[in-house]
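What follows is a single structure, written as structure tokens, with notes after it.
The values are calculated or read from the model by the stated rules, or taken from the named source; none is laboratory data. Please read all numbers here as calculations on a predicted model, not as lab measurements. All Cβ positions, even for glycine, are placed from backbone atoms using ideal geometry, and neighbour counts span all protein chains on display. Each accessible area value is taken on the protein alone, full model and side chains, heavy atoms only, with ligands, DNA and RNA left out. Shrake-Rupley method; radii C 1.70, N 1.55, O 1.52, S 1.80 Å.
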Amino acid sequence: MFDIELYKDRLISDIGEKRYKHSLRVMDCAERLSEGKKVDKEKVKIAAFLHDCAKYNEERYMKELNIDNFEQIDPDSSKSVVHSFLGAEVAKKVYNVRDEEILKAIKYHTTGNENMSLLEKIVFLADAIEEKRSYPGVEEIRKKATKNLDLGVLECLNHNIRYLIDIDAFIDPLTLKARNYLIKEKNGKA
Ligand SMILES: [Fe+2]
Ligand SMILES: [Fe+2]
């Protein structure tokens with residue numbers, strides 16, 4: 001299994017001290033969210049620890065991994081999403097993570113996806129609500145996430161979509177798919 005201590009220095013040199021501390025808070029929050037749930041706690045830790053591993057180094061890692069352009073990673077995505085898709089590649093090829101479930105949780109931590117696994121939901125939410133997050137609406141997401149993960153994810157997706165509309169930004173189709181899937185599920189149609 002992946003040894004966090006072994007990759008600590010590498011991650012700090014990749015993403016810097018500040019983002020590293022965020023990753024540790026995401027790890028704490030993810031561990032809390034996974035309490036009492038049927039999810040592999042070790043996988044939760046690893047996925048949360050590495051979720052931002054490609055951040056700030058998109059260009060360099062794309063070169064190193066022979067990826068020519070962003071479209072190759074996610075045809076629809078905007079630059080802010082690339083680090084999550086690329087992160088899954090970096091986690092696999094640079095940090096030697098072989099577990100597909102962990103790689104998917106890293107890949108979809110920004111956009112969300114339809115039919116997310118428990119692990120994916122936990123990492124997605126923990127990134128959005130770790131203790132230092134303080135944007136308007138975060139308390140509502142925290143409240144719902146503590147009650148029920150799906151309600152938390154839905155609240156978070158709604159918040160992200162509203163925000164992206166407000167600033168006239170591109171909405172990744174995966175975010176809409178993720179939300180629609182949960183809405184259908186809530187209405188018993190998934
Ligand atoms: Fe991220
Ligand atoms: Fe993050």
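Listed by position, the helices (runs of 4 or more DSSP H) contained in segment 74-174 that have at least 2 residues being in contact (Cβ under 8 Å) with a residue 24 or more places away in the chain and open to solvent by 60 Å² or more (accessible area, probe 1.4 Å) are 79-93.
For segment 41-73, a residue qualifies if it is free of Cβ contacts under 8 Å to residues at least 40 places away in the same chain and β-branched (Val, Ile, Thr), and the qualifying residues are Ile67, Ile73.
Take Lys55 and tell me if it is of a type in the set (Lys, Arg) and under 28 Å from Lys147 (Cα atoms).
Numbers: of a type in the set (Lys, Arg): yes; under 28 Å from Lys147 (Cα atoms): no.
So Lys55 does not fit the description; no.
Kindly indicate whether Ala178 is assigned to a helix (DSSP H, G or I), open to solvent by less than 30 Å² (accessible area, probe 1.4 Å), within 23 Å of Lys37 (Cβ to Cβ) and touching an Asp or Glu at 6+ places or on another chain (Cβ under 7 Å). When the stated conditions are applied, Ala178 passes them.
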